[in-house]
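Since the structure comes first, as structure tokens, the remarks are kept for the end.
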Amino acid sequence: MNKRKIINDPVYGFVTVPNDLIFDIIQHTYFQRLRRIKQLGLTDFVYPGALHTRFHHALGAMHLMDRALNVLTEKGHMIFDAEREAALIAILLHDIGHGPFSHTLEFSLFENVKHEQISSWAINRLNQQFNGRLELAIQIFEGRYHRKFLTQLVSSQLDADRLDYLQRDCFFTGVHEGTIGAERIIKMLNVVDENLVVEEKAIYSIENFLSARRLMYWQVYLHKTAISSERMLIETIRRAKTLTQEGEEVQATPALNFFLERNISAASFKEDPDLLEVFMTLDDTDIWGSLKFWVEHDDLILSKLSAMLLRRELFQVQLYNEAPKAEQVKHLRNHVSEALGISQKEAKYFVAKGAVSNAAYIAQGQSINILTKSGEVLDVAKATDLPNIKAMSKIVRKNYLCWPKSISLPD
């Protein structure tokens, strides 16, 4: 069987599957599941074209990793075939642990288990199935390999992951202000003391990259409608889980029902090896299929939230510089309680508060390092006088309050 396939990608054109092992990984059920997980969760409620998947993104990131490794090789850095293969596998599988709707339900189905941790467990499981051939990829993914630039290409402030998702999300949402010069950035990559650097000639491209990232957060990832729809889905799953654990019958797909019945932590995954296998069958279709059942459920809260999501009757969102006052939230919940005929405790499902933050560049040990013409390596914020980069190092935090549009906000 010919496994050297060529995939036609809408962003880059032709993407080549480099060898048989990577082809077999792509064909594995763990990876094929990513076809059924949307990259941007419910953001298509804002931008109808945002229907691309984690499968698209993983292949695109692998393609950019390959381009970056070619550039570094051309500049005289020895990269062994085993290292190249391992780096491609590490970036290909970096998102394998995402659950339904990507980040949306990350802390709804589990207790403090991040998708990166699940990715690590999944890659280790694949390593067993592929007879230890992913061992070097695991070292790179987990940051244990001595050549740090390979890990930095997988996960850092300037990695193949970010370079792909910014271009891909920009393409599918149509938000062209988020366009970045990824090709030029990749061409300007270099390595100093086994650490990834960017040559000084690309400093304006880096500024554009950080600016685009900041813009995409406010205009796409943290768009008010995206916040609203995602919070509604979180509250819906929370209600379904509460009812299930109280003994109510809540019809759901087998995989989703498994997680509704249990409070699962990191320890749970370690105690029960089969738990990962169940999770690796869970995707967006489990949620949509279950929502259709829940519309008919006797519980008013579950049925109403499910119906509102299916009809795109979303909460309105108000943003604040400061956290909403407790009295304001309580007053609003009273209104919801009276309007829907539910208790004030139950009204919490319809009046949600929270906070979002946007930081385009926070180094925290993963700085973007610039290789100056004199050979000095400097953090990008120190290597330039551009005020934009310094401004983008500040975290901007916004608080929000959301509730049904049919209910007026009290004075």
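Structure notes:
- For the stretch 101-180, trypsin sites (Lys or Arg not before Pro) are listed when DSSP marks them as loop and at most 14 other Cβ atoms sit within 10 Å of their Cβ; the list is LYS114, ARG144.
- Taking 25 Å as the straight-line reach from the Cα of LYS398, the lysines in range (excluding those fewer than 8 positions away in the same chain) are LYS114, LYS224, LYS325, LYS330, LYS348, LYS353, LYS390.
- Distance (nanometres) between label positions extended 7 Å along Cα→Cβ at ARG184 and LYS5: 3.5 nm
- For the stretch 178-255, the square roots of the Cα gyration tensor eigenvalues, ordered a ≥ b ≥ c, give a/c of at least 1.5 with a/b greater than b/c, which places it in the prolate category.
- Surface composition of the stretch 139-249: carbon and sulfur make up 46 percent of the accessible area, probe 1.4 Å.
- Estimated from the Cβ-Cβ distance and a Förster radius of 30 angstrom, the FRET efficiency linking THR29 and THR242 is about 0.45.
- Label-point gap, in nm, between GLU111 and GLN128 - each point 7 angstrom along Cα→Cβ: 2.4 nm
- For the stretch 59-108, the square roots of the Cα gyration tensor eigenvalues, ordered a ≥ b ≥ c, give a/c of at least 1.5 with a/b greater than b/c, which places it in the prolate category.
- The charge dipole of the chain, taken about the Cα centre with unit charges on the Cβ atoms of Lys, Arg (+1) and Asp, Glu (-1), comes to about 860 debye, rounded to the nearest 20.
- Cβ-Cβ FRET estimate between GLU296 and LYS345, R0 fixed at 25 Å, reported to 0.05: 0.55
- The alpha carbon centroids of the stretch 68-114 and the stretch 321-380 are separated by 26 Å.
- Listed residue (SER229, HIS115, ALA267) projecting farthest to the positive dipole end of the chain, Cβ model: SER229
- Cα-based shape type of the stretch 87-220, given that a ≥ b ≥ c are square roots of the gyration tensor eigenvalues and the cut on a/c is 1.5: oblate
- Exposure ranking of MET65, MET78 by accessible area [1.4 Å probe, largest first]: MET78, MET65
- Helical mean residue ellipticity (222 nm; -39500 (n - 2.57) per DSSP H run of 4+; nearest 500) of the chain: -14000 deg cm²/dmol
- In plain terms, the chain from HIS146 to GLU338 could stretch by 62.9 nm, reckoned as 0.36 nm per residue minus the Cα-Cα distance.
- Labels on offer are [x] 23.0; [y] 22.2; [z] 20.9, and the one holding Kirkwood radius over Cα pairs in Å computed from this structure is [x].
- Residues whose amide H lies under 5 Å from that of ILE368, counting only those 5 or more places away or on a different chain, are VAL380; hydrogens are built 1.01 Å from N in the peptide plane.
- Net charge, ARG147 excluded, C-beta distance under 13 Å - Lys, Arg +1, Asp, Glu -1: 0
- With protein chains left intact and a 1.4 Å probe, residues in the chain average 45 Å² of accessible area per residue.
- Between the beta carbons of GLU74 and THR16, assuming R0 = 25 Å, the FRET efficiency works out to 0.90 to the nearest 0.05.
- Here the stretch 1-77 is assigned +1 on the Cβ of each Lys and Arg and -1 on the Cβ of each Asp and Glu. Its dipole about the Cα centre then comes out at about 180 debye.
- Accessible-area value, ILE123, 1.4 Å probe, nucleic acids and ligands omitted, Å²: 10 Å²
- Rounded to the nearest 20 debye, the dipole magnitude of the stretch 101-149 is 280 debye, with +1 charges on Lys and Arg beta carbons, -1 on Asp and Glu beta carbons, and the Cα centre as origin.
The values are calculated or read from the model by the stated rules, or taken from the named source; none is laboratory data. From a predicted model like this one, the values you see are computed outputs, not experimental measurements. Cβ coordinates were reconstructed from backbone atoms using ideal geometry, including for glycine residues, and neighbour counts include every protein chain displayed. SASA here: full protein model, heavy atoms, side chains in, ligands and nucleic acids out. Shrake-Rupley method; radii C 1.70, N 1.55, O 1.52, S 1.80 Å.
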